[in-house]
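The values are calculated or read from the model by the stated rules, or taken from the named source; none is laboratory data. In this text the structure is predicted, and so the values were computed from the model without any measurement. Don't worry about glycine lacking a Cβ; one is built from the backbone with ideal geometry, like all the others, and counts go over all protein chains shown. Note: accessible area is taken over every heavy atom of the protein model, side chains too, but ligands, DNA and RNA are not part of it. Shrake-Rupley method; radii C 1.70, N 1.55, O 1.52, S 1.80 Å.
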Amino acid sequence: MKDDKRRWYIVQTYSGYENKVKANLEQRIATMGMEDRIFNVLVPVEDKVFVKEGRAKRVRRKVFPSYVLVEMIMDDQSWYVVRHTPGVTGFVGSGNHPIPLTDREVAEVMGKIGLPADRKPKVELDIEVGDTVRVKSGPFEGCVGPVVEVDPDKGRVRFSVTVFGRETVAEAGHEDLEKVL
């Protein structure tokens, strides 16, 4: 078979069964000799850092809860193997006609989960524009001021402080700030 028919499909699973479905499907592929039709089974996850009350917590989070991505050549046999795997509720599509992901959608998903090693995970802060923060360390230690900008991709926060009697915008990492209530 030609590889040009290889496409990514979305398979819906029971909630919380994504990894179990992946393991079951990989086992079924091996035992039923489907390696030439079903190539990859993927549970997309991403690393995130949540910051709450000044504490950072690194978490692996499923990008699409209750869904698994499968790269395969769609035919009756491969459809049957995937569809009848324990924990699978069906393919995303209309009826018995699964709709493959577009190349752009695949690139988006892969970009989200295939982060280069030097890139930091996204940071979700409990700090928003307008909140008041106190600097815990660094050159502005002890200063208090309102947040003017939040950059979750870099984990940086810009805030306004008074230095030598003048309003100045400063920037610090989320770990150097605490929210003032």
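Taking segment 31-89 as the range and being over 24 Å from the mean Cα position of the chain (by Cα), among the hydroxyl-bearing types (Ser, Thr, Tyr), outside any loop (DSSP other than H, G, I, E, B) and within 23 Å of Arg7 (Cβ to Cβ) as the test, the residues that pass are Ser78, Tyr80. Among the numbered conditions (1) of a type outside the set (Asp, Glu); (2) closer than 30 Å to Asp47 by Cα; (3) open to solvent by 70 Å² or more (accessible area, probe 1.4 Å), the only one that Val180 does not meet is (3). Residues of segment 52-73 being surrounded by 14 or more Cβ atoms within 10 Å (Cβ to Cβ) and within 13 Å of Val11 (Cα to Cα), which ones? The answer is Phe64, Ser66, Tyr67, Val68, Leu69, Val70, Glu71, Met72. If you go through segment 25-51 and keep only what is touching a residue at least 60 places away in the same chain (Cβ under 8 Å), surrounded by 17 or more Cβ atoms within 10 Å (Cβ to Cβ) and not hydrophobic (A, V, I, L, M, F, W, C), you end up with just Pro44. Being modelled with pLDDT of 85 or more, open to solvent by less than 70 Å² (accessible area, probe 1.4 Å), assigned to a strand (DSSP E or B) and touching a Leu at 6+ places or on another chain (Cβ under 8 Å) is a property that does not hold for Val147.
Of the residues making up segment 90-115, those that are loosely packed, with under 12 Cβ neighbours inside 10 Å and part of a loop (DSSP other than H, G, I, E, B) number 4. The single condition among (1) over 10 Å from Val68 (Cα atoms); (2) of a type outside the set (Ser, Thr, Tyr); (3) not in a helix (DSSP H, G or I) that Ala23 does not meet is (3).
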